[in-house]
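S.K.: Next up is a structure, given as structure tokens.
The values are calculated or read from the model by the stated rules, or taken from the named source; none is laboratory data. Just so you know, these numbers come straight off a predicted model, no measurement behind them. Cβ placement follows ideal geometry from the backbone for every residue including glycine, while neighbour counts extend to all protein chains displayed. Side chains included, ligands, DNA and RNA excluded: accessible areas come from the protein's heavy atoms. Shrake-Rupley method; radii C 1.70, N 1.55, O 1.52, S 1.80 Å.
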Amino acid sequence: MKKVLGLLFILVMMVSMLSGCQGTEEDAGGNDTMADESVQKDTSESQKDAVVEEDEQVFRLGLISPLTGAGAASGAVQANAVKMAVDEINSQGGIGGKYMIELYSEDDEGVPANSVKVAQKLVNQDNVHAVIGALNSSCTLANMKITEKAGIPQITPSSSNATIVEQGNEYIFRTTATDTTHVKTLYKYITEKLNGKNVAIIYESSDFGTGAYKLLEKTAPEYGINIVQAEVYNAGEKDFSVQLTKIDNTEPDALIIWGYYTEAALICKQVNQYGIDIPLVGTGYNSPMLLELGGEDVNGLIFTTAFTEANPDPNVQEFDKKYKEIFSSSYDQNGPQAYDSVYLLAEAIVKAGTFDGKAVRDMLIGVEDFEGVAGVYNFDERGEMVKDLLVVQIIDGEHTIIPFD
């Protein structure tokens with residue numbers, strides 16, 4: 001019996017040893033499986049690279065606008081116009097018939113700190129290749145440091161503060177006229193058309209307004225202009241009686257209003273309410289909201305602008321028709337300038353043959369006589385747009401271009 005048990009024990013041990021050998025083979029097979037997983041991982045990485053390569057055929061465009069807050073009306077116009085241009089280009093097969101555009105839109109509420117945050121999101125999370133925006137000069141001055149550090153081009157269609165392109169930022173461009181151009185056009189109009197010499201100024205206490213006031217003060221001697229009174233107000237202010245009383249007492253030949261449509265409409269209303277008889281000129285409020293808020297009180301107001309739908313130019317009329325058909329609303333100059341900004345980027349990308357920020361930036365600098373909806377564009381070495389302005393007067397609730405050389 002003991003012999004039988006011993007034989008059984010030996011058999012069990014042999015089976016166990018054989019099983020152990022088979023287990024070793026299975027482990028070897030397991031290593032083969034790991035090798036297969038490694039191959040699969042490599043394949044996955046290759047697929048990932050292919051996806052990245054495919055993604056590089058998609059141009060990611062960031063947009064920063066105030067879609068809420070005081071500037072929401074102009075911000076919506078800017079956003080609408082960018083979307084309109086993007087949809088047009090994509091419907092034609094993309095940029096150069098090759099690169100489709102993905103649009104990433106952010107609301108900065110017209111607040112500089114928020115503008116920085118959304119710029120960081122667009123650059124660091126959405127990995128955009130370029131940015132259009134912001135609307136307010138103070139927001140662009142704050143957020144353009146983000147795109148500069150990332151080395152990607154940024155075009156602002158609306159921010160006109162002169163210092164934006166004076167800080168050595170190689171990646172900032174703008175398609176709106178500089179404040180300097182507006183100031184010189186206003187002074188030329190005042191001296192030549194109104195035979196004016198003494199002017200008063202009321203301006204917003206923002207980068208947009210204070211930057212302009214410094215330019216108005218600096219440029220005045222060139223035109224023989226005397227600034228007899230200068231008053232400032234805060235965004236959102238509603239009562240301008242104190243400022244207007246001081247201005248009226250100086251009996252200026254013209255009052256320059258430098259601000260946005262909400263306050264400009266209220267100033268015009270109160271000028272009429274207090275019986276102040278002074279020609280009103282300025283810039284910053286070429287918006288349908290000016291007419292909506294100001295009504296008959298804005299009749300007679302004169303402002304400088306790069307664009308008005310009253311311009312009979314075929315490009316202007318085509319844009320005007322398309323925009324109103326798509327969005328069932330009117331717009332301000334920020335619309336066509338934002339629209340042109342997308343097409344300027346598209347042309348630069350085609351010429352560069354890449355999305356590389358520096359290459360696109362170099363092509364933007366090289367833009368010459370680009371015919372857009374809002375005029376002919378040329379950028380200087382600082383990214384400054386150079387073009388002439390129109391002088392418009394509101395007559396019976398309509399824009400009328402004043403012939404002016």
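S.K.: Heads up, I need the accessible area for Arg382: 1.4 angstrom probe, whole protein in place, Å², nearest 10.
M.R.: For Arg382, the solvent-accessible surface is approximately 90 Å².
S.K.: Further, regarding this structure: Can you send over the solvent-accessible area of Thr245, 1.4 Å probe, protein chains only, in Å² to the nearest 10?
M.R.: 80 Å²
S.K.: Which peptide among 292-299, 108-115 comes first, and what is the full order, when sorted by highest mean count of other Cβ atoms within 10 Å? List each step's numbers first, then the result.
M.R.: Numbers: 292-299: 17.2, 108-115: 21.9.
Going from most to least packed, we get 108-115, 292-299.
S.K.: What whole-number volume per residue, in cubic angstrom, does the convex hull of the C-alpha atoms of region 132-261 give?
M.R.: Working: hull volume 13.2 nm³, N = 130.
Here the figure is 101 Å³ per residue.
S.K.: Okay, moving on. Can you return the lysines within cross-link range of Lys322? Criterion is Cα-Cα under 26 Å, with same-chain partners fewer than 8 residues away left out.
M.R.: Here the lysines satisfying the reach criterion relative to Lys322 are Lys83, Lys98, Lys387.
S.K.: Would you mind counting up the charge near Thr178? Only other residues with Cβ under 14 Å from its Cβ, with Lys and Arg at +1 and Asp and Glu at -1.
M.R.: With Lys, Arg at +1 and Asp, Glu at -1, the net is 0.
S.K.: How far is helix 334-352 tilted off the main Cα axis of the chain, in degrees rounded to 10, range 0 to 90?
M.R.: 50 degrees
S.K.: Separate question: On the accessible surface of region 127-210, probed at 1.4 Å, how many percent belong to carbon and sulfur atoms? If you can, show how the numbers build up before the last one.
M.R.: Details: 1030 of 2430 Å².
Heavy-atom surface of region 127-210 belonging to carbon and sulfur, 1.4 Å probe: 42 percent.
S.K.: If you take the Cα Rg of the chain and divide it by 2.2 N^0.38 Å, with N the number of residues, what do you get?
M.R.: Numbers: Rg = 31.3 Å, N = 405, 2.2 N^0.38 = 21.5 Å.
Normalised Cα radius of gyration, the chain: 1.45.
S.K.: OK, next. Can you work out D for region 343-405 in µm² s⁻¹ from Stokes-Einstein, where Rh is the Kirkwood radius over C-alpha pairs, the temperature is 10 °C and the viscosity is 1.306 mPa s?
M.R.: Details: Rh = 13.7 Å.
The Stokes-Einstein estimate is 116 µm²/s.
S.K.: Can you compute the modelled spin-label distance between Lys218 and Ser329, with each label point 7 Å from Cα toward Cβ, in nm?
M.R.: Between Lys218 and Ser329, the simple spin-label model gives 3.6 nm.
S.K.: Roughly how tilted is helix 137-150, in degrees to the nearest 10 and between 0 and 90, from the longest Cα axis of the chain?
M.R.: Around 30 degrees separate the two axes.
S.K.: Something else now. Run the numbers for Asn315 and Phe404: contour at 0.36 nm per residue of separation, minus the present Cα-Cα distance, in nm. Spell out each step's value before the answer.
M.R.: Working: separation 89, 0.36 × 89 = 32.04 nm, distance 2.11 nm.
That works out to 29.9 nm of additional length.
S.K.: Any idea what the dipole of the chain comes to, in debye rounded to 20, about its Cα centre with Lys/Arg Cβ at +1 and Asp/Glu Cβ at -1? Don't jump to the answer; show the numbers that get you there.
M.R.: Values: 29 positive and 61 negative charges, 159 e Å.
With only Lys, Arg, Asp and Glu charged at Cβ, the dipole is about 760 debye.
S.K.: Same structure again: Residue separation times 0.36 nm, minus the C-alpha to C-alpha distance between Gln125 and Lys145: what's the value?
M.R.: 5.5 nm
S.K.: Okay, which of region 292-317 sit inside 13 Å, backbone N to the point 7 Å along the Cα-Cβ direction of Lys193?
M.R.: 300-306
S.K.: Turning to a different aspect of this structure: Can you tell me the 0 to 90 degree angle between the C-alpha axis of helix 179-193 and the longest principal axis of the chain, rounded to 10?
M.R.: The angle comes out at about 20 degrees.
S.K.: For a 18 Å ceiling on Cα separation, which of these pairs sit above it: Lys321/Lys351; Lys145/Lys218; Lys184/Lys214; Lys149/Lys358? Walk me through the numbers on the way to the answer.
M.R.: Working: Lys321/Lys351 30 Å; Lys145/Lys218 27 Å; Lys184/Lys214 13 Å; Lys149/Lys358 12 Å.
The pairs that break the limit, which is 18 Å between Cα atoms, are Lys321/Lys351; Lys145/Lys218.
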